[in-house]
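Please treat every number below as a calculation from the coordinates, not as lab data. Just so we're clear, the structure is a prediction, and the values are computed from it rather than from any experiment. Please note: Cβ atoms are built from the backbone with ideal geometry, for glycine as well, and neighbour counts cover all protein chains shown.
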Amino acid sequence: MERRIVLEGAVNFRDQGGYPTENGRFVKWRRLFRSDSLHDLTESDVQTITGTLGLTTIVDLRSINSVLEDGRGLLALSGIAYHNYPFLERRGIEPPTSGSDPGERLTAIYQWILLNAGTLMAQAFNALAQDVNQPALFHCNAGKDRTGVLGATLLSVLGVSREDVVADFLMTNEVIDGILARIKKMPGFQDSTRDGIMAPQSAIEKFLDVMQREFGGPESYLLRHGVQQETINVFKESMLE
């Protein structure tokens, strides 16, 4: 089973399945996907997503302005359930330029999400967790930061090892040139650099560290922000084999 799914209109679309868990189970393939923005998908891409993959639910983490300006593309006509939980709406997004240290800048962003967007994280989890909503996909613009912290949280809840969680996060760097080409077309982001948008291991490591130290781990974090234990149990049963 291939983790990375090649599409014409997205460069960072991939499956979250296949990882072993600490209790000897495996995350099911073709149940949960993550991606960069989907508004440029072609008709062929949509057929792959709706037909081959059978996607039923999309969780969009982009800010409201991004949704309005870029739209949802052809998938908006597909009948797939759609939810928007804009993790960084209240904070805003700084253009990734070479003028600041990427690790420090993205660490600050991830920490802001952790400490200020917990309710939105919980709502996104609730939308993805239900068996009836799967196969499901979550995404932002680059499929790297907002998508990255949610992906790390989801895999951690399922019991995937920290090593694999971090490795999954870093897979974005394999397609960073394609992501950069897309980001540079966004108003205000034309000066973005490759180094400025790399997915930094230090940022996701600190995210996981603080989630564990301050909240007792991803499951406790979600419970504190409104997720029910039964929903977490349902998610594990739907996602593990």
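Side notes on the structure shown:
- Pair Arg194, Ala181: separation of 7 Å Cα→Cβ label points (nm): 1.3
- Enclosing the Cα atoms of the chain in their convex hull gives a volume equal to 112 cubic angstrom per residue.
- Non-local lysine pairs in segment 14-239, meaning eight or more places apart or on different chains, with alpha-carbon distances under 27 Å, amount to 7.
- Under 13 Å, Cβ to Cβ, from Leu150 - net charge with Lys/Arg +1 and Asp/Glu -1: +1
- Net charge of neighbours whose Cβ lies under 15 Å from the Cβ of Gly216, counting Lys and Arg as +1 and Asp and Glu as -1: -1
- Think of the chain as a dipole: +1 on every Lys or Arg Cβ, -1 on every Asp or Glu Cβ, centred on the Cα centre; then among Leu208, Ala108, Gln228, Gln228 lies furthest on the positive end.
- Near Ala129, once Lys and Arg are set to +1 and Asp and Glu to -1 for all other residues with Cβ below 13 Å from its Cβ, the sum equals -2.
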